[in-house]
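I have placed the structure first, in the form of structure tokens, so that the comments after it can refer back to it.
The values are calculated or read from the model by the stated rules, or taken from the named source; none is laboratory data. The shown structure was predicted, so the numbers you read here are calculated from the model rather than taken from an experiment. Note: ideal-geometry Cβ built from the backbone for every residue, glycine included; neighbour counts use all protein chains shown. When the accessible area is computed, the model is the full protein with side chains, heavy atoms only, and any ligands, DNA or RNA have been set aside. Shrake-Rupley method; radii C 1.70, N 1.55, O 1.52, S 1.80 Å.
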Amino acid sequence: MKKSALNFLAVFILTLLGFYSHAQTGGSYAGHVHSKGYAGMDAKSDLVLYEFERRAVGDDDILIDVLYSGICHSDIHTVKGDWGGTPYPCVPGHEIVGRVSQVGKDVHKFKVGDIAGVGCMVNSCGECEYCKAGEEQYCAKGATYTYGSGEGDGYTKGGYSNNIVLKESFALKVPDNAPLDKVAPLLCAGITTYSPLRYNHVKKGDKVAVAGFGGLGHMAVQYAIAMGAEVTVFDITEDKRQVALDMGAVKYVNTKNESEMQGLNNSFNLLISTIPFSFKVEPYMAMLKVDGTMVLLGVPPRDQVPSLSTNALWGRRKIYYSLIGGIPETQEMLDYSIKNNIYPKVEVIPIQQINEAYKNVLDGKVQFRYVIDMASLK
Ligand code: NDP
Ligand code: ZN
């Protein structure tokens, strides 16, 4: 065969192989998955449309086409650099529900077409005592978070995007007849509040307080009531008083009214704070009964971290930080929520409204969780 004919044949075969691999990998050459989403490019600017590549789908990975993605206050903290260390461009989103569109050869938990959920983590060492105990969020080597964590040569990118690739063991099973827009926020707001209530064995008759009645807070209230507790809610607005009472809270305290904060000392077995900014911790500690526990969930900006006098710990009162929940407990929380019909109150928005939504969360204008309908991402 002539040299030119050989060249032509080689090019023809390579082109065919290229098409084949393109078809096998969901639309991307060289195995990488092409993605588009919304990203913060720095701490100050609005989020903008951003295209990027995700890693190829490995043997124990799944590719999910994202259907809904919740907006957590942590996304806003991260994009705005509140905690420091945010790698940009930052594609946030760790309350993800979507449909599996590709599976690696060693995947057993999912098949193409299944609905899957993704929360705040996509990997961990799998070998330390915490990972072995199903508490991957406390992995001794540091869990890989859904966005902003080192992965390969780059870092992870989250669910404000059309797809995501992750290890199947970090994805959660979701029945496809569940209300998927409402399921998305369970993946962070749900597990983060369910976990400390379970850890503290909340039971019928317990007196539980929830400070910060937003995305996380309104889930904490619903779970605590479902577990039989008498729940008091603290927030800084009048706008949410009726919703809290309608939800079954026995009392609502607008902390801006000094008088409403009086007479509550020695009242609660458990107090959960989801407050995302600095606040005075001591008055809340004084509201705990002897042996009572305060759980901090809110993570204020690093220049607003509240401090605490050890005097507040008299009477065996305890305080600690809790971080999301492990994968087995996240599955338990999903099953529990779906079985007991416990869902967030959501406002579904197109992704083009993301920057307005961020502003509204900061201004206390959302009741209670924005969820992005990813079909809007064209
Ligand atoms: P939201 O903004 O939805 O809710 C926060 C709520 O706190 C709002 O209702 C807000 O009031 C209220 N609030 C603000 N300041 C005060 C105050 N001084 N006293 C009482 N209430 C107050 O945020 P999220 O629920 O999404 O997140 C809350 C925090 O939890 C964030 O810091 C987030 O980063 C963190 N988080 C932590 C996790 C963990 O694993 N520990 C996981 C997920 C989130 P209003 O809006 O009515 O003005
Ligand atoms: Zn979150």
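The distance linking the range 165-204 with the range 140-158 is 21 Å (Cα centroid to Cα centroid, whole angstrom). To the nearest 10, the accessible area of Ser259 is 90 Å² with a 1.4 Å probe.
Just in the range 213-274: which trypsin sites (Lys or Arg not before Pro) are loop by DSSP and have at most 12 other Cβ atoms within 10 Å? Working shown, then result.
Numbers: sites: Lys240, Arg241, Lys251, Lys256; in loops: Lys240, Lys256.
Passing both the DSSP loop test and the Cβ count: Lys256.
The stretch between Asn311 and Lys359 holds 13.5 nm of extra length on full extension. This uses 0.36 nm per residue minus the Cα-Cα distance. Ignoring any ligand, DNA or RNA, what whole percent of the accessible area of the range 168-326 comes from carbon and sulfur when the probe is 1.4 angstrom? Its accessible area is 53 percent carbon and sulfur atoms.
From the P(r) of the chain, could you give the percentage of C-alpha pairs in the tail past 27 Å?
On the way: 35604 of 71253 pairs.
Tail of P(r) above 27 Å: 50 percent of Cα pairs.
Per residue, the convex hull spanned by the alpha carbons of the range 298-378 comes to 197 Å³. Solvent-accessible surface of the range 21-165, taken per residue with a 1.4 Å probe and all protein chains present: 42 Å².
At 30 Å minimum axial length over the Cα atoms and a Kyte-Doolittle cut of -1.0, report the qualifying DSSP H helices in the chain, or say none. Taking the DSSP H segments of the chain (at least 30 Å long, mean hydropathy at least -1.0), we get 3-24.
Here the extension length gained between Ser45 and Asp153 equals 36.3 nm, from 0.36 nm per residue of separation less the Cα-Cα distance.
Against the empirical 2.2 N^0.38 Å (N residues), the range 57-119 has a Cα radius of gyration ratio of 1.36.
Can you say what percent of the DSSP beta bridges in the chain, counting only those with both residues inside, are antiparallel? Round to 5. Walk me through the intermediate numbers first.
Working: 35 of 62 bridges.
Bridges in the chain that DSSP calls antiparallel: roughly 55 percent.
Sort the range 290-334 into rounded, prolate or oblate with this rule: let a ≥ b ≥ c be the square roots of the eigenvalues of the Cα gyration tensor; rounded if a/c is under 1.5, and if a/c is not under 1.5, prolate when a/b is larger than b/c, oblate otherwise.
Numbers: a/c = 4.63, a/b = 1.46, b/c = 3.17.
Since a/c reaches 1.5 but b/c is at least a/b, the shape of the range 290-334 is classed as oblate.
Rounded to 0.05, the FRET efficiency of the Asp239 and His32 pair, given R0 = 41 Å and the Cβ-Cβ distance, is 0.35.
Tell me the relative contact order for the range 243-378 as a rounded percent, counting alpha carbon contacts under 8 Å between residues six or more apart.
Values: 156 pairs, mean separation 22.3, N = 136.
Once normalised by length, the contact order is 16 percent.
Quick one: length gained pulling Val250 to Lys203 fully straight, 0.36 nm per residue minus the C-alpha distance? Residue separation times 0.36 nm, minus the Cα-Cα distance, leaves 15.3 nm. Here the range 92-145 exposes an accessible surface that is 49 percent carbon and sulfur, computed with a 1.4 Å probe and the other protein chains kept in place. Which net charge results when you count Lys and Arg as +1 and Asp and Glu as -1 among the other residues whose beta-carbon is under 14 Å from that of Arg302? It works out to a net charge of -1.
Using only DSSP helix segments of four residues or longer, with each worth -39500 (n - 2.57), what per-residue ellipticity at 222 nm results for the chain after dividing by its residue count and rounding to 500? Result for the chain: -7000 deg cm²/dmol, rounded to the nearest 500.
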